[in-house]
Each structure stands twice: as structure tokens, then as C-alpha cells.
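Structure record follows, encoded as C-alpha cells.
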Amino acid sequence: MAFLELTGVQKRFGEFAAVHNFDLAADAGEFVSFLGPSGCGKTTTLRMIAGFERPTAGKIVVNGADITDKAPNQRNVGMVFQSYALFPNMTVADNVGFGLKIRKRSKDQIKKRVGELLELIHLPDKASRYPWQLSGGQQQRVALARALAIEPQVLLLDEPLSALDAKIRVSLRNEIRAIQRQLGITTVYVTHDQEEALSLSDRIVVMSEGRVEQIGTPFEIYNFPSTGFVARFVGTLNVLSAKVIDPGAGTLEVAGQPIRAAKPISGGHAGGMITVALRPEIIQLGSRADLNNLSGIVDDVTFLGSIVRVRIKFTDGSGVISFDTFNNPHLAVPDRGTAITVSFPTEACLVLDQAEAAAAAAPEDLDAA
Amino acid sequence: MGRPNPAITGTAIEGELGPGPHGPGAVPSNSARRSRRSRYAGRIFWWLIFLIGFLYFFLPLYGTLDFSLKSKPFGSAYTAILSDSGFVSSLGYSFVAGILTIIISILIIVPTAFWVRLKYPQLRPFIEFITLLPFVIPPVILVYGLLNTYNGKSLLPLGDSDTGLNVLLVAAYVVLSFPYMYRAVDTGLRAIDIQSLTEASQSLGAGWGRILWQVILPNLRTSLLSGAFLSLAIVVGEFTIATFMSRPAFAPYLNIVGDSKPYEQAALALVSFGITWLAMILIAVIGRNSRSQIKVTLG
């Protein structure tokens, strides 16, 4: 039986439905991330677990107990906020010990537990500091320690790294994951940052417009997106128009060049147009007889640090395709205007249905770039 | 070999091209002269405004001080009021009323402002309007309303006894303190993220009482002090309501003294003014202390 269960959870604000029929079953000690753009309902769902919002319908169960109608202070759920929310009038030790004081633990117990947690977050010498004397990263670690101090059944983190700079974000997210693994606490993490979700989570819930688009491991979400939205939102994507040649054999034509999908094309008929998506990192430079090949002219080369992204324009002007190659000092980057061929495996062709294709053809896609 | 780069050789570009407009020996242009002149004129204008303001506020005080010191022997007005038991008792009465006013208005205003900000922000304009009513309704109307409502024929005949009148006086003062207290508290609440702090406290198991007492109130310290001292100053100087309720407060005492002892009245006016200033200085000192505490610890 799952440790944290959300069954048919809905939230409406007047006429507006913020969350539609949300179902999730998380095991004890699992790290689940809610990933999606702003306004997709991920924070609202988290707030319903915390008790700050009451679901319009549905049930929330933690460790077999229905907490749907319990007040937030009766749930034993720890929460870390984007804005840290440390109590400015209290020292670090007082902040961490606040929940324990409420639970009427003895002074010695509080002191011991606060000491342990400050060790855990590597701030043992900051006990007597006030929040405004700490950096953002330190404040967020104190907020984490404060949430953990009460030994919550579930730990909720609401975009905890959003207010921090890039370097601290990476180090702190590793720290959060290490602490979570060490304590084995069931954790729900809200983020709009796909890299954060992919690197931290056991499972990811991708959300859009209040609905769950897909639940899966980071590997599944990235490599086998079940909807166009997931394919577009997680990672970057080439979106190509393809003409169906033989739906049964999965043969297609892109910019007048034949390619093949790994599976038969369902819902497509010979001569009809469909949309296929390709991850740029799966495409490689050069032609290979055993793979799909597409030729074009180098239109642009973008240096992105560890990778170099090359955009190719099809000679018939029907579109562009981009591919990534790892950067190294000896890399021979093709010049603009050079005619080149790229190849990719048949399994890399993700056939999108029409609604997904429309969603995937959003301006931020590589295709439109 | 080309011309040496001035940046590399250290040769100043200015040296090659001659002095710039602000270099040594530069002749100020007409527009520069004009702007400097207008700057001086502006500075003189603002000093003049400051001087007029200073004279407006301090000349009457000086006049009062000068008048109070004309009593014979020198300073006798001050010794007379300090030895008068009425002075201490009326001042003590007003201070007690002031402190009670502060406590009650904090108990009313803090939870109200907190709740409105947290749960019903759309009600803020309405609450603000309510708290501003004492500026619109003259104290004389307020006191007549109170005395008529709570007279001997009412269910709660507070107007018939000294204790009842004391209660009514403090209640009226609480109403008078609303604009100052509410604004101070509301400003203080605006400065802190009350929603996150409240939710963080709740997730740690805190109830409303603990949240208000241990999380919200301590973070409103400076705001509460500002509101409290302003309220105290107003209560100590309040005349109309105390007079109509026949309460032995400081302002009516000041008026009674003035009927027969003009020098003492002037001295008393200065003393009450001093009390107000003392309250203001206390606010400034406490505010400065909390800031310097931050500096010291950061250093």
C-alpha cells in the first residue's frame, strides 16, 4: 500500500479548475517531483497535501490515515517554502527548535535534536545567528532543518531553490537529495525546472493546466514522453512535418527524404501528413546506412558551453532540424552553408498526434527557433 | 611602428588633447555658471523654508517658556506644579488610561489587521475607513454619543459611576487611537511575509494564538511601539472627552490651572510638550537600537 495517496483530488477557485482529478500513489521514502509551467496546479496540489488549501473533491491519505479535512497544524507534514519563511525574530536554533517546542519536548531533547540537524545541514556554528545574517542558501538549509526537526511523515518542498543563484542551486539540490536518502523521508518537490526534477526524483509528475500529463521515472519521462506536452516541456525537441508513405511499415518522408519509424503509424494513412519529434542529442553528424539519414545546409551553429547545437535547413526550405554534439577543443564544427547529413535511429522518431503536435509546435521549440 | 597606445604607455589622453572642460584651468561655460547659480538659489530657498518652519514651531514654545519663567521668584511656576499633588495624580491618571488604551487597541487591532491581510485583503479599504472615523467624528460628538448610550436608563449604565466613566473614557481613547495604531500595525505587517510565516508556523504545528504571540507580534515590535507612543501622546493631551466625562485627566487639570495660575499653565503646557517629545525620542532610540544591533552583529 502506498504511503502517500491522492485519489481524485480536485481544486476549483470559483469557476476556475486549478486541479482536475489528480491521482498519485507514492511509496514510503520516495522522492516525487511535480513538474510543470507556472499555473499548472503543482503548487496548489502541494498546498492541498500541506492543508493550506481544501480539496473541492477527492481524498488525501498519508500512512493509511485520511488527512483531507485535517488542519495544517494537525498533519505532521513538513514544508519548505520558496521564500524560506524563517522567523526573523528567532535565531537559527530557535527556528529549528520551534516545532519541537510546540510538541513540548524537553529542553535537552530540543538542544540535542537541533544540534543533530545543524550538523546534518553543515551549519553547526550558526546556531545563534539570525536569519538575516545568513546567505540565501544557508537560510534555505535552515528552513529544511526546521521542517525535518519535527520528523514529519511527508516533506513538502515548494520551489525551494528558485530564489538562489545557479551554482548554489546545484549544490543545494544535491544536498537535499542526500539528506532525503539518508533520512528515507517521503518527499514531494515542486519545481518548474526540468533539470532539477530529472536529477532529484525517483518519479516525476508532469502537469499542465491542472492535469497530470504523465507520471514516470526521469528516464521514462525524458525518453518516452507519453504526450506532446511532456515531450516539449522536458528537454528540447525538433518538431518535423512528415508525409506518411506506408503506415504499416512506418515509412515516412521528411523534406522529400525517406525515414522510418520503429513502430507502425497508427492513425495515419498513406499520403497523409503527421508530425514527428526528435531529441537533438540523439541525432549524430554523418550518414549511416543502418539509421535514418537527413541532409541539409548548416544554417546556424550555437555554442552552449558543454555542447554545440547545429541547425540544419532542409534544401527544399520545408523546415529545420537541430542536433547537439559535445564540445571539445578539437571539435570540427561545420561552417554555415556547408551541406551535411545527420543520422538517427528509428526508435528516436516520436510520432505525435495532431493535438500534441499543435502543443509541441510552441515558439520555444527548436523547430521554430 | 605605429603610434603608442596611451592606455599601455600611461600617457594621458587629456595631455594630448589639452585639458577637458573640467580640467585644471578650464573656463566654466555660461550654462555651467547658470546651473551652479540655480543650485545655490535652490539651496537658499530650502534653508529659508526650513527656517520659517522652525520659527513657526519654536517661537510659540519660546514665548511660552519665556512667559512661564516670568513668575517670581524665577522658576517658581515649575516648582509650584511639581509640588502640586494634582499634577502627579492627573498625569498618572492619563498615563494609566494611555497604557490601558494601548493594550486594548493592540489586542483589537493586531488580530484584526493580521486576519484581514491574511484572509480578507479585499476588506482592507473598509477597515481603513472605519479606523479613520475618529478623524471625521469630532470628540465632542463621540463623548455625547457614549454618555447618551450608556446613561442610567440603558442596560449598561456605565455613565452613572466613576468606574463606568473610566471604562467609557478608555473605550473612547481606544477609538481615538485606531488611526495611529492600525496604520502602524498595517505598515508593519506589509513589511513581513505574513502568509509564508503563518503557513510555516502551521506546518510546524502552531495554532493561531501561538502564531500571533510568538511569530507575528515580535516582528511588529517597532510598528507597535510607534503606534503605542503616538496613542500615549494623544491620550495625555486629550481634553474634550475627559472634560465632558469629568475625569481627573491631565488636560482638564491643565485647563483648571490656567484659570487662576497663568504662569503654571504655561509651565504645564511645556511639560506636556516635553512628555510628547520624550515619547518620540523613545521611538527613535528604540528604532535606532534595533538597526544598530543588526550592524554590530553583522560586523
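Odds and ends about this structure:
- For the stretch B:253-261, 3J(HN,Hα) per residue [Karplus equation, 6.51 cos²θ - 1.76 cosθ + 1.60, θ = phi - 60°, Hz, x = Gly/Pro]: 4, 4, 5, 5, 4, x, 5, 10, 10
- Put simply, the amide H of A:PHE22, placed in the peptide plane, has neighbours under 5 Å in A:GLY8, A:VAL9, A:GLN10, leaving out anything fewer than 5 places away on its chain.
- Stokes-Einstein D (µm²/s) once Rh is taken as the Kirkwood radius of chain A over alpha-carbon pairs, at 25 °C in 0.890 mPa s: 106
- In Å, descending, principal axis extents of the Cα set of the stretch B:115-167: 41, 23, 17
- Under the Debye formula (equal points on every Cα, no solvent term), log10 I(q)/I(0) of the stretch A:278-345 at q = 0.25 Å⁻¹: -1.17
- Ratio Rg/Rh [Cα only; Rh per Kirkwood] for the protein assembly as shown: 1.14
- Restraint check, A:LYS167/A:LYS263; A:LYS42/A:LYS243; A:LYS11/A:LYS101; A:LYS11/A:LYS263; A:LYS104/B:LYS119, Cα-Cα greater than 32 Å: A:LYS167/A:LYS263; A:LYS42/A:LYS243; A:LYS11/A:LYS101; A:LYS11/A:LYS263
- The stretch B:170-277 gives an Rg/Rh value of 1.19, both radii derived from C-alpha positions and Rh following Kirkwood.
- Cβ-defined net charge surrounding B:ALA113, 14 Å radius [Lys, Arg +1; Asp, Glu -1]: +3
- Estimated translational diffusion coefficient (Stokes-Einstein, Kirkwood radius over Cα pairs, 25 °C, 0.890 mPa s) of the stretch A:237-315: 179 µm² per second.
- Cβ-derived FRET efficiency at R0 35 Å, A:HIS122 paired with A:VAL301, nearest 0.05: 0.25
- Compared with the rule-of-thumb size 2.2 N^0.38 Å for a compact globular protein, the stretch A:1-82 has a Cα radius of gyration ratio of 1.04.
- Using alpha-carbon coordinates, inclination of helix A:92-102 to the longest axis of chain A, degrees: 70
- Using distinct alpha-carbon pairs, which all enter the 1/r mean, Kirkwood radius of the stretch A:18-144 in Å: 16.7
- Taking N as its residue count, the alpha carbon Rg of the stretch B:161-217 over 2.2 N^0.38 Å: 1.61
- Taking the number of Cβ atoms within 10 Å of each Cβ as an exposure proxy, the fewest-first ranking of B:ARG33, A:ARG169, A:ARG177 is B:ARG33, A:ARG177, A:ARG169.
- Between the amide H of A:THR217 and those of A:ILE204, distances stay under 5 Å, these residues lying 5 or more places away or on another chain, with hydrogens modeled in the peptide plane.
- For the residues of A:45-55, the average number of beta carbons from a partner chain within 10 Å of their own beta carbon is 1.
- Dividing the C-alpha radius of gyration of the stretch A:85-148 by 2.2 N^0.38 Å, with N its residue count, gives 0.98.
- Convex hull of Cα atoms in the stretch A:193-271, direction-averaged projection (nm²): 6.3
- Within the shell defined by Cβ-Cβ distances under 10 Å, the residues around A:ALA26 carry a net charge of -3, with Lys and Arg each +1 and Asp and Glu each -1.
- Value of D in µm² per second that Stokes-Einstein yields for the stretch A:161-230, Kirkwood Rh from Cα pairs, at 4 °C (1.567 mPa s): 99
- Near B:ASN30: Cβ cut-off under 14 Å, other residues only, Lys/Arg at +1 and Asp/Glu at -1. The net charge is +4.
- Chain A: most fluctuating residue of A:THR275, A:THR315, A:THR44 per GNM, C-alpha cutoff 10 Å: A:THR315
- Among the residues of A:62-73, the average count of other protein chain beta-carbon atoms within 10 Å of the residue beta-carbon is 2.
- Residues whose placed amide H lies under 5 Å from that of A:LEU237, excluding near-sequence neighbours: A:LEU366
- Put in line by how crowded their Cβ is, counting other Cβ atoms within 10 Å and starting with the fewest, A:ASP290, A:ASP193 read A:ASP290, A:ASP193.
- Solvent-free Debye scattering, log10 I(q)/I(0), computed from the Cα coordinates of the stretch B:60-182 at q = 0.12, 0.17, 0.18 Å⁻¹: -0.69, -0.99, -1.03
- Cα-based equivalent ellipsoid, the stretch B:112-237: semi-axes from gyration tensor eigenvalues, Å: 33, 16, 14
- Couplings 3J(HN,Hα) of the stretch B:233-244, computed from phi: 4, 5, 5, 5, x, 6, 10, 4, 5, 4, 5, 5 Hz, in residue order, whole Hz [Karplus 6.51 cos²θ - 1.76 cosθ + 1.60, θ = phi - 60°; x for Gly and Pro].
- Additional length obtainable on full extension of the chain from A:PHE13 to A:ALA262, 0.36 nm per residue less Cα span: 85.2 nm
- With distances taken between every two different alpha-carbon atoms, the stretch A:130-192 has a Kirkwood hydrodynamic radius of 12.2 Å.
- Taking the three principal axes of the alpha carbon atoms in the stretch B:40-107, the coordinate ranges are 54, 48, 11 Å, sorted in descending order.
- The calculated Kirkwood hydrodynamic radius for the stretch A:201-348 is 16.5 Å, given to one decimal from all distinct C-alpha pairs.
- Between helix A:136-149 and chain A: long-axis angle, C-alpha atoms, 0 to 90°, nearest 10: 60
- With a 10 Å cut-off around each Cβ of A:79-92, the average count of Cβ atoms from other chains is 5.
The numbers here are math on the coordinates, done by the rules we state, and not lab data. Being a predicted model, the structure only gives us computed values, none of them experimental. We place every Cβ from the backbone using ideal geometry, glycine too, and count neighbours over all the protein chains shown.
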